[in-house]
Amino acid sequence: HGEDSPWYSFEYGAVHNIVLSTEHDFASQTPWLLNDLQNVDRTRTPWVVVSCHRPLYISSTNTRPVDGDQTLAAQLRAAWEDLLVRFHVDLVLTGHHHSYQRTCAVINGTCVIPPVPGQYAGPVYVVAGGGGGA
């Protein structure tokens, strides 16, 4: 997406890494994200990991209307979750909240069990925000 963009992707070994910005307009990143996901070569990079600052799923009571954890999580899910599921993103790594949290494979707020063991069920979400927490 251009030099010095706050959203970009790169490959490292067998992983296609996508970095999104939760501090910029989500909608402006969606066409870029769609294009990037459409062009992943799963024979070269069978794993797809998305990283961003704010979580799409979070156990938090912060529901402030503008910048609350739950408010922004709902907006992020509305912008990106369908693409993450459609293109079988494996893992979403986030921070922001000073805690460690992880989910099962989740689609639309529901834990999903793969139809066949080892098959894709949905992205797993991790909040790795323990650094800096007091």
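Of everything in region 7-48, what is assigned to a loop (DSSP other than H, G, I, E, B) and surrounded by fewer than 14 Cβ atoms within 10 Å (Cβ to Cβ)? Give them in sequence order.
Step one: list which residues in region 7-48 are assigned to a loop (DSSP other than H, G, I, E, B), which gives 7, 13-14, 20-25, 39-46.
Listed by number, the residues that qualify are GLY13, ALA14, GLU23, HIS24, ASP25, ASN39, ASP41, ARG42, THR43, ARG44, PRO46.
Look at region 1-32 and say how many of its residues are within 17 Å of GLN75 (Cα to Cα) and either touching a strand residue (DSSP E or B) at 6+ places or on another chain (Cβ under 7 Å) or basic (Lys, Arg) (or both).
The first filter runs over region 1-32 and keeps only residues within 17 Å of GLN75 (Cα to Cα), leaving 20-31.
If we keep only those that are either touching a strand residue (DSSP E or B) at 6+ places or on another chain (Cβ under 7 Å) or basic (Lys, Arg) (or both) as well, we get 20.
Here the count works out to 1.
Restricting to region 1-35, count the residues that are among the small types (Gly, Ala, Ser), at negative phi and modelled with pLDDT of 95 or more. Full working, then the answer.
Here is the first cut: in region 1-35, the ones among the small types (Gly, Ala, Ser) are 2, 5, 9, 13-14, 21, 27-28.
After this cut, where a residue has to be at negative phi as well, the list is 5, 9, 14, 21, 27-28.
From what's left, modelled with pLDDT of 95 or more: 9, 14, 21.
Of the residues in that region, 3 qualify.
Would you check if there is a residue in region 99-120 being in a loop (DSSP other than H, G, I, E, B) and crowded, with 19+ Cβ neighbours inside 10 Å? So that I can check it myself, show each step before the final result.
Filtering region 99-120 down to residues in a loop (DSSP other than H, G, I, E, B) leaves 99, 108-109, 112-120.
Imposing the further condition that a residue be crowded, with 19+ Cβ neighbours inside 10 Å reduces the set to none.
Among the residues of region 99-120, not one is in a loop (DSSP other than H, G, I, E, B) and crowded, with 19+ Cβ neighbours inside 10 Å, which makes the answer no.
So in region 54-98, with the set limited to residues that are hydroxyl-bearing (Ser, Thr, Tyr) and in contact with a helix residue (DSSP H, G or I) (Cβ under 6 Å, 6 or more places away or on another chain), which one is surrounded by the most Cβ atoms within 10 Å (Cβ to Cβ)?
So in region 54-98, the residues hydroxyl-bearing (Ser, Thr, Tyr) come out as 57, 59-61, 63, 71, 94.
From what's left, in contact with a helix residue (DSSP H, G or I) (Cβ under 6 Å, 6 or more places away or on another chain): 60, 63.
Values: SER60: 16, THR63: 11.
Residue satisfying both the conditions and the ranking: SER60.
The values are calculated or read from the model by the stated rules, or taken from the named source; none is laboratory data. Small disclaimer: the values here were computed from a predicted structure and weren't measured. No Cβ is skipped: glycine too gets one built from the backbone with ideal geometry, and neighbour counts run over all protein chains shown.
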